[in-house]
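Peer 1: Sharing a structure with you now.
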Amino acid sequence: MGLLDQIGPVMVGPSSSHTAGACRLALLARHVLGTQPRAARLVLHGSFAKTAQGHGTDLALAGGLLGFLPDDPRIKDALAHAAAAGLELEYVTADLGDIHPNSARLELTGDGEESVSVLGSSLGAGFVRVTQVNGFDVHVSGAYHTLLALHTDRPGVIARVAGVVADDDGNIATAFSARQRRGGHAMMSVEIDKPLAGYAVEYLRSLPYIHWLRLLPEVMRGSEERVTDAADPPAEGTWAGSEVEP
Amino acid sequence: MTLDELSRSPGRASEAVLYDEVGDDPEARASLLETMRSRIDEMRDSIRRGLASSEPSRTGMVGWNAKQLHEAPDPLGAPLLKRVQEYAMAVNEENARMGRIVAAPTAGSAGTVPGALLGVADHLGIPDDELVMPLVLAAGVAQVISKSMFIAGATGGCQAEIGSSAAMAAAAVTELLGGSARASVHAAAQALMNTIGLVCDPVGGYVEVPCVSRNAFYAVHAVSAAQLALAGVESFIPPDEVIYAMASVGRMLPPELRETGEGGVADTPTGRRVALKMAGK
């Protein structure tokens with residue numbers, strides 16, 4: 001957590017946790033899907049469920065799914081923008097268990113068959129944490145460039161990925177991996193100080209034991225200091241790995 | 001860093017905070033200061049918009065308070081007090097209208113730091129460039145608090161949000177007026193200690209009532225804390241222990257008093273009526 005996260009973000013109101021944080025969670029989920037979502041089922045838990053409308057959480061989630069950053073004035077009219085973009089939204093509330101009170105599960109479907117489920121929490125002051133993707137435990141803070149990979153659970157995969165990141169001069173800030181069962185599928189989330197170069201991504205995608213791969217942007221950075229704009233939809237072919245659902 | 005370590009910095013407390021973040025890297029230092037400077041411009045902009053607007057918020061509960069106070073006479077003969085309150089409410093009414101603001105540390109508490117810091121600076125004619133380092137210190141205080149607890153009404157009640165913002169503002173104003181690192185830290189501790197127990201009870205779940213007026217009150221509270229600290233008055237309880245106490249009280253608060261809109265003034269006949277009306281029932 002940097003000093004600029006404490007005096008910041010610059011954002012549209014009214015709540016850093018329920019508006020800016022919600023927008024960032026939705027931005028991350030949009031990048032996990034890897035394309036413009038067509039339908040979204042947004043399951044709100046705890047304080048998100050109780051006070052979503054009052055805090056503009058519904059608008060901020062819709063805005064994030066459309067690629068709006070937390071300081072984007074269009075968030076106020078995000079529902080109209082979603083309708084214009086052909087994004088169907090369904091908001092439901094549920095008890096998602098013993099998790100942070102500001103949490104939501106974002107279930108997104110794109111143009112084709114692909115769909116993802118992203119569980120995340122808004123921790124306060126705009127900080128977020130994605131804790132599950134497609135049922136796998138992950139660790140994504142949005143403070144770094146994040147590599148998400150679904151892979152076969154076998155020896156050497158994590159070492160290989162770490163090696164590729166190192167060869168690209170990338171420094172790993174955090175790394176987390178969890179598997180379904182021994183020898184089954186596993187998901188790894190690796191937070192890196194810099195974006196991974198295109199050739200490194202291509203190489204990782206070509207590995208037979210990596211089934212699905214995404215790069216998520218640093219959503220904690222504000223628009224004024226952002227190098228690559230998370231509002232741009234990810235380019236075809238750069239972001240999408242082979243589409244295998246766990 | 002702890003508040004105790006911060007209070008023992010030989011120079012200004014903000015220098016210690018800045019060094020802790022960027023070390024000796026001159027580029028990182030310049031870049032951070034430049035962004036912090038631009039955040040002051042953003043704060044000013046939100047104050048300007050807030051003081052000029054009487055557009056009601058989404059519920060219609062707030063939206064004209066800052067402008068009303070701004071245009072009112074000053075029967076108390078206390079222009080500093082009035083200015084600090086106006087600025088704080090201007091920012092939070094902009095926030096309630098989904099206008100653009102700087103979270104400090106949260107959006108619900110975004111009025112306190114600009115209210116106190118810019119209010120005092122404008123009252124005394126201090127230029128904006130001199131507010132950058134005090135703002136760095138404010139951010140540093142938030143960072144220390146956030147190591148002990150999540151700064152969110154949903155986890156710690158309003159004390160986590162407004163308490164933090166008041167502590168940040170108190171330290172910043174103290175440094176702005178020449179206070180030592182020790183005085184700045186004790187200002188933060190006094191501000192924090194006297195917000196312990198504050199519950200988060202937004203009417204209808206909207207960040208409007210009591211949030212808008214609360215920012216005005218706690219911006220003044222922060223200035224009071226700075227006044228005590230500049231006179232050498234210290235917190236008897238060591239500052240870091242005050243943070244632990246606040247985190248502990250936050251854990252004891254029932255969910256009804258942590259940003260669910262189910263307790264406090266949200267759970268009054270009028271509060272419940274607003275909630276039902278806004279839910280379209």
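The values are calculated or read from the model by the stated rules, or taken from the named source; none is laboratory data. The shown structure was predicted, so the numbers you read here are calculated from the model rather than taken from an experiment. A quick note on method: Cβ atoms are made from the backbone with ideal geometry, for glycine too, and the neighbour counts reach across all protein chains shown.
Peer 1: Which one is nearest to the other protein chains (Cβ to nearest Cβ), of the residues in region B:133-154 that are farther than 14 Å from residue A:6 by Cα and crowded, with 24+ Cβ neighbours inside 10 Å?
Peer 2: Checking each candidate, the answer is B:154.
Peer 1: Turning to a different aspect of this structure: Can you tell me which of B:31, B:46, B:53, B:38 is surrounded by fewer than 19 Cβ atoms within 10 Å (Cβ to Cβ) and in contact with a strand residue (DSSP E or B) (Cβ under 9 Å, 6 or more places away or on another chain)?
Peer 2: Being surrounded by fewer than 19 Cβ atoms within 10 Å (Cβ to Cβ) and in contact with a strand residue (DSSP E or B) (Cβ under 9 Å, 6 or more places away or on another chain) holds for just one of B:31, B:46, B:53, B:38, which is B:38.
Peer 1: Moving on. Looking at residue B:175, is it more than 10 Å from chain A (Cβ to nearest Cβ), surrounded by fewer than 24 Cβ atoms within 10 Å (Cβ to Cβ), over 29 Å from residue A:68 (Cα atoms) and acidic (Asp, Glu)?
Peer 2: Here the answer is no, as residue B:175 does not meet what is asked.
Peer 1: Just the residues that are in a helix (DSSP H, G or I) and surrounded by fewer than 24 Cβ atoms within 10 Å (Cβ to Cβ), please, taken from region B:222-241.
Peer 2: B:224, B:227, B:228, B:230, B:240, B:241
Peer 1: Does at least one position in region A:168-182 carry a residue that is in contact with a Leu (Cβ under 8 Å, 6 or more places away or on another chain), assigned to a strand (DSSP E or B) and basic (Lys, Arg)?
Peer 2: No: region A:168-182 contains no residue that is in contact with a Leu (Cβ under 8 Å, 6 or more places away or on another chain), assigned to a strand (DSSP E or B) and basic (Lys, Arg).
Peer 1: Condition first: over 23 Å from residue A:194 (Cβ atoms), in a loop (DSSP other than H, G, I, E, B), at pLDDT 95 or above and among the small types (Gly, Ala, Ser). Now tell me which residues in region A:116-155 satisfy that.
Peer 2: Listed by number, the list holds a single entry, A:135.
Peer 1: Could you list, in sequence order, all residues of region A:39-68 that are crowded, with 24+ Cβ neighbours inside 10 Å, more than 8 Å from chain B (Cβ to nearest Cβ) and at pLDDT below 95?
Peer 2: Listed by number, the residues that qualify are A:48, A:57.
Peer 1: Still on this structure: What are the residues in region A:101-115 that are over 16 Å from residue A:133 (Cα atoms) and within 14 Å of chain B (Cβ to nearest Cβ), if any?
Peer 2: A:101, A:102, listed by residue number.
Peer 1: Go through (1) more than 14 Å from chain B (Cβ to nearest Cβ); (2) more than 19 Å from residue A:128 (Cβ to Cβ); (3) free of Cβ contacts under 8 Å to residues at least 40 places away in the same chain and name the single condition residue A:36 misses.
Peer 2: (3)
Peer 1: Taking region B:26-68 as the region of interest, how many residues are in contact with a Pro (Cβ under 6 Å, 6 or more places away or on another chain) and among the acidic types (Asp, Glu)?
Peer 2: Number of matching residues: 0.
Peer 1: What number of residues within region B:246-281 are of a type in the set (A, V, I, L, M, F, W, C), assigned to a helix (DSSP H, G or I) and loosely packed, with under 15 Cβ neighbours inside 10 Å?
Peer 2: Summing the residues that are of a type in the set (A, V, I, L, M, F, W, C), assigned to a helix (DSSP H, G or I) and loosely packed, with under 15 Cβ neighbours inside 10 Å in region B:246-281 gives 3.
Peer 1: I'd like to know if region B:62-77 contains one or more residues that are at the interface with another protein chain (Cβ under 10 Å from one of its Cβ atoms) and crowded, with 16+ Cβ neighbours inside 10 Å.
Peer 2: no
Each row is one residue, and each column tells you yes or no for (1) over 30 Å from residue A:175 (Cβ atoms); (2) among the hydrophobic types (A, V, I, L, M, F, W, C); (3) surrounded by fewer than 22 Cβ atoms within 10 Å (Cβ to Cβ).
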| position | (1), (2), (3) |
| --- | --- |
| A:77 | yes, no, yes |
| A:86 | yes, no, yes |
| A:92 | yes, yes, yes |
| A:102 | no, no, no |
| A:105 | no, no, yes |
| A:108 | no, yes, no |
| A:115 | no, no, yes |
| A:121 | no, no, no |
| A:130 | no, yes, no |
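Residue-wise test of (1) small (Gly, Ala, Ser); (2) touching a strand residue (DSSP E or B) at 6+ places or on another chain (Cβ under 9 Å); (3) within 22 Å of residue B:33 (Cβ to Cβ).
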| residue | (1), (2), (3) |
| --- | --- |
| B:120 | no, no, yes |
| B:127 | no, no, yes |
| B:130 | no, no, yes |
| B:134 | no, no, yes |
| B:137 | no, no, yes |
| B:142 | yes, no, yes |
| B:146 | yes, yes, yes |
| B:151 | no, yes, no |
| B:160 | yes, yes, no |
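Peer 1: I need every pair where a residue in region B:34-49 that is touching a residue at least 12 places away in the same chain (Cβ under 8 Å) has its Cβ under 6 Å from the Cβ of a residue that is in a helix (DSSP H, G or I) and of a type in the set (Asp, Glu), sequence separation at least 6 or different chains.
Peer 2: So the pair list comes out as B:40/B:128; B:46/B:94; B:49/B:94.
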